[in-house]
Amino acid sequence: MVTRKPWTHEQLLVAFRLYCSTPFGKLHRGNPDIIQLARLMGRTPSAVGMKACNFASLDPTQHARKIKGLGNVSRDDRLLWEAFQDNAETIAAEAQEAYVRLTGKELAPTKPEIADEGELTLPAGPTETKRLVRTRRVQGFFREAVLVSYECRCALSGIAIPDLLNASHIIPWQKDVKRRADPCNGIALNTLYDRAFDRGLITFDESFRLVLSNRLKTQKIDHKNRPLFEQSFHQMEGTALRLPKRFEPDPKALAYHRENIFH
């Protein structure tokens, strides 16, 4: 009789990170990243790929699309998913740390998308350095999860150039610690729409359609730049967001944005 090797909590964290940061089409045993993780875990690539796919069974977005995981979800899988729903920041930080410990590779720093909010400052000592590392890891987790969910395309313009995309927080980073890494609190937007969304110049209604602020509508634009302004904003008003493959934007978070950020 074959005895199954139990999954450790650290391995589950790495598998969960894999689900969040990998397109569905690459969650298979032939993916080099999965092969490497499997080797380090002492498991088969198929087992690692299947464990990551099992989290799809717990994702409400997949239920709505009638996409099911392998149906082999364990109690520990479910507990980890529920812990992420309760405090995404903590689980994201733990998942990134588990990945670093397993692979021995520090994660590449991400773009400082939260720099305006005063979180990425130069460290002044060991405690500050540790805090900065955690911040970068959490931000990296969030960016990967959001951009992968939207297939690395702006949800409004459809532009697919990663260097021009940001993972925009709906509820701002500094307003809710627990939701800092929650992909349902994010939308993939190009840098123009990201800044407009962050500054409350645009928002989205209950049907995920673009709404322009009166401040933006009445903005005086010189004749030379008016065509670009009209094309980017006025002609886009009412355009529906292109919804992601997983982690759809939370309607409650968007309601918060309309009520507290939007002008």
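The values are calculated or read from the model by the stated rules, or taken from the named source; none is laboratory data. Quick caveat, the model's predicted, so the values are computed rather than measured. Positions of Cβ are backbone-derived with ideal geometry, glycine not excepted, and every protein chain shown enters the neighbour counts.
Given the criteria at pLDDT below 95, touching a helix residue (DSSP H, G or I) at 6+ places or on another chain (Cβ under 7 Å), on the phi < 0 side of the Ramachandran plot and surrounded by fewer than 16 Cβ atoms within 10 Å (Cβ to Cβ), does PRO109 qualify?
yes
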Quiz prompt | Odd one out for ASN72 among (1) touching a Cys at 6+ places or on another chain (Cβ under 8 Å); (2) modelled with pLDDT under 90; (3) not β-branched (Val, Ile, Thr) | solution = (1)
Exercise. Keeping to segment 192-232, report how many residues are at positive phi and without any contact (Cβ under 8 Å) to a residue 12 or more places away in the chain.
Key: 0
Practice problem: Please enumerate the residues belonging to segment 140-173 that are out of contact with any strand residue (DSSP E or B) (no Cβ under 9 Å at 6 or more places or on another chain) and small (Gly, Ala, Ser). | Solution: GLY140, GLY158, ALA160
Exercise. Could you list, in sequence order, all residues of segment 180-220 that are basic (Lys, Arg), more than 30 Å from ALA88 (Cβ to Cβ) and in contact with a helix residue (DSSP H, G or I) (Cβ under 8 Å, 6 or more places away or on another chain)?
Key: LYS217
Quiz item: Looking at segment 233-263, which of its residues are touching a residue at least 40 places away in the same chain (Cβ under 8 Å), more than 18 Å from ALA196 (Cβ to Cβ) and among the basic types (Lys, Arg)?
Solution: LYS245, ARG246
Exercise. Could you give me the residue pairs with C-beta distances under 6 Å whose first residue belongs to segment 153-181 and is part of a loop (DSSP other than H, G, I, E, B), whose second residue is surrounded by fewer than 21 Cβ atoms within 10 Å (Cβ to Cβ) and charged (D, E, K, R) wherever it lies, and which are 6+ apart or on separate chains?
Key: ALA155/ARG242; ALA160/ARG153; TRP173/GLU117; GLN174/GLU117
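Could you pull out the residue among ARG180, ARG195, ARG199 that is closer than 18 Å to TYR150 by Cβ and either at pLDDT 95 or above or of a type in the set (Val, Ile, Thr) (or both)? Working first, answer last.
On the way: ARG180 fails: closer than 18 Å to TYR150 by Cβ; ARG199 fails: closer than 18 Å to TYR150 by Cβ.
Result: ARG195 is the single residue among ARG180, ARG195, ARG199 that is closer than 18 Å to TYR150 by Cβ and either at pLDDT 95 or above or of a type in the set (Val, Ile, Thr) (or both).
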Practice problem: Could you tell me which residue of segment 166-201 is nearest to the chain's Cα centre (by Cα), considering only residues that are within 20 Å of LEU228 (Cα to Cα) and buried (at least 24 other Cβ atoms within 10 Å of the Cβ)? | Solution: LEU189
Quiz item: Restricted to segment 212-254, and to residues that are in a loop (DSSP other than H, G, I, E, B) and aliphatic (A, V, I, L, M), which residue is farthest from CYS152 (Cα to Cα)?
Solution: ILE221
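Could you say whether any residue in segment 115-132 is of a type in the set (Asp, Glu), modelled with pLDDT of 95 or more and either more than 16 Å from MET236 (Cα to Cα) or in contact with a strand residue (DSSP E or B) (Cβ under 9 Å, 6 or more places away or on another chain) (or both)?
Initially, segment 115-132 is screened for residues of a type in the set (Asp, Glu), giving 116-117, 119, 128.
Restricting the remaining residues to those that are modelled with pLDDT of 95 or more gives none.
No.
Residues that are closer than 20 Å to LEU243 by Cβ and in contact with a helix residue (DSSP H, G or I) (Cβ under 9 Å, 6 or more places away or on another chain): list the helices (runs of 4 or more DSSP H) wholly contained in segment 1-64 that include at least 2 such residues. Before you say what the answer is, go through the steps one by one.
Values: elements: 9-21, 32-41, 45-54, 60-64.
Of the helices (runs of 4 or more DSSP H) lying wholly inside segment 1-64, those with at least 2 residues that are closer than 20 Å to LEU243 by Cβ and in contact with a helix residue (DSSP H, G or I) (Cβ under 9 Å, 6 or more places away or on another chain) span 9-21, 60-64.
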Exercise. Please work out which residue is modelled with the lowest pLDDT, limiting yourself to segment 221-247 and to residues that are surrounded by fewer than 19 Cβ atoms within 10 Å (Cβ to Cβ) and touching a helix residue (DSSP H, G or I) at 6+ places or on another chain (Cβ under 8 Å).
Key: ILE221
